[in-house]
Structure formats: structure tokens, C-alpha cells
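First up is the structure itself, then whatever we jot down about it.
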Amino acid sequence: MRIHDALSGLLLALLAVAILVTVSQYPPIPGQNVGPSAFPGVVAILLLGCSLLLIWRGIRGERMPLVVMGAWTRSTRHAINFLLVIASLLFYIFCSEFFGFIITGTLILAILFYVLGVRPVLILPVAIVSTLVIHLIFYKFLRVPLPWGLLQGLHW
């Protein structure tokens, strides 16, 4: 699938503006020069700059339709894989609070590995180890609390 550069740039510019509006409402941290809005604000400004360049490039460039569908969109297998990824994200959004990150992440990875043709003997070990490593990075190093869900009593 190919999307015209001007349209892509416009969508990214809208995203950048939405991020800037959101982070402008973050409260400052007393006694610190850099607050929680600093990093996302810088990234949003860079995104806005790049999106404006993309819009300019799209307007100056070749004339083409706004969206050209790729060959994969006519493939049933590829369309199912695409929809499965979207369904996995929705499953995580709606079920991770109840089941917890570890159970939800492992289940999603195992299903995606199975559908995408990973060797069966590797599916469960890789899904479990990957989920635990991701959880460790977020929980211990980045200090981002992920939902525990059914494993509420388990903390490392």
C-alpha cells in the first residue's frame, strides 16, 4: 500500500499537534527544570517538522492517487495476518487489566507466532521469555507499572 506523501505528512502533523496539546497540560514537577512534557514535546516538534517536509515533498512531487492499495491487500493470508495484529492490540487494550501483562503478552505472542509459522517447539518458550524480558525492562528499568491482573500477588 502506498499513501501519498502529502496525506501521510498531514496525518503525522495532526498527531504531532495532538501530542503537543496533550503534553502542554502535564503539570510541572516542583524543583525541576525538565518536566514530564519535555521529551514527548521535543519528539512532537521534530515530528511536526518532518511532517511539514513530507507535505511539501508531496505537493511538489509526482501526481498520484492519495492511496494505492498494495498486492498484499488482495491476499487472504496477509489480510488475516494484518487483522490478527489489530485484534491482538485490541485484546491487550481490553483484557490486560484483568489478565495482566504477563499472561496477556504471552498469549498474544504465542498466537501470533503460531499463525505466522514459527516452529511449534519454540512458540511457548520464546513467548514466555520475551514477555518476561519486556516486563522486566518496563517494571525495573523504566519504572513503568504494567498491569499484574490475575498475578496481583506476584512481584519481583
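Nothing in this text is a laboratory measurement; each read-out follows from the coordinates by a stated rule. Note that the structure is a prediction, hence the values are computed from the model and not measured. Neighbour counts are summed over all protein chains in view; Cβ atoms, including those assigned to glycine, are modelled from backbone coordinates with ideal geometry.
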Original post:
Out of all the residues in region 59-71, is one or more out of contact with any helix residue (DSSP H, G or I) (no Cβ under 7 Å at 6 or more places or on another chain), part of a helix (DSSP H, G or I) and exposed (fewer than 10 other Cβ atoms within 10 Å of the Cβ)?
Top reply: yes
**OP:** Could you tell me whether ALA38 is of a type in the set (A, V, I, L, M, F, W, C) and under 18 Å from the mean Cα position of the chain (by Cα)?
**Re:** no
Original post:
Among the residues of region 129-156, how many are among the aliphatic types (A, V, I, L, M), part of a helix (DSSP H, G or I) and either touching a strand residue (DSSP E or B) at 6+ places or on another chain (Cβ under 7 Å) or surrounded by 11 or more Cβ atoms within 10 Å (Cβ to Cβ) (or both)?
Top reply: 7
**OP:** For region 24-36, indicate whether the set of residues that are part of a helix (DSSP H, G or I) and either surrounded by 17 or more Cβ atoms within 10 Å (Cβ to Cβ) or without any contact (Cβ under 8 Å) to a residue 24 or more places away in the chain (or both) is non-empty.
**Re:** no
Original post:
Does region 116-124 contain at least one residue that is under 26 Å from PRO36 (Cα atoms) and assigned to a helix (DSSP H, G or I)?
Top reply: no
**OP:** Could you look through region 37-52, keep only residues that are of a type in the set (A, V, I, L, M, F, W, C) and surrounded by 12 or more Cβ atoms within 10 Å (Cβ to Cβ), and pick out the one that is nearest to ALA6 (Cα to Cα)?
**Re:** LEU52
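Taking the stated definitions as given, is LEU109 surrounded by 14 or more Cβ atoms within 10 Å (Cβ to Cβ), closer than 23 Å to HIS78 by Cβ and out of contact with any strand residue (DSSP E or B) (no Cβ under 6 Å at 6 or more places or on another chain)?
Details: surrounded by 14 or more Cβ atoms within 10 Å (Cβ to Cβ): yes; closer than 23 Å to HIS78 by Cβ: yes; out of contact with any strand residue (DSSP E or B) (no Cβ under 6 Å at 6 or more places or on another chain): yes.
So LEU109 passes the test.
Report whether or not PHE82 is among the aromatic types (Phe, Trp, Tyr), in a helix (DSSP H, G or I), loosely packed, with under 12 Cβ neighbours inside 10 Å and without any contact (Cβ under 8 Å) to a residue 24 or more places away in the chain.
Taking the combined requirement at face value, the residue does not satisfy it.
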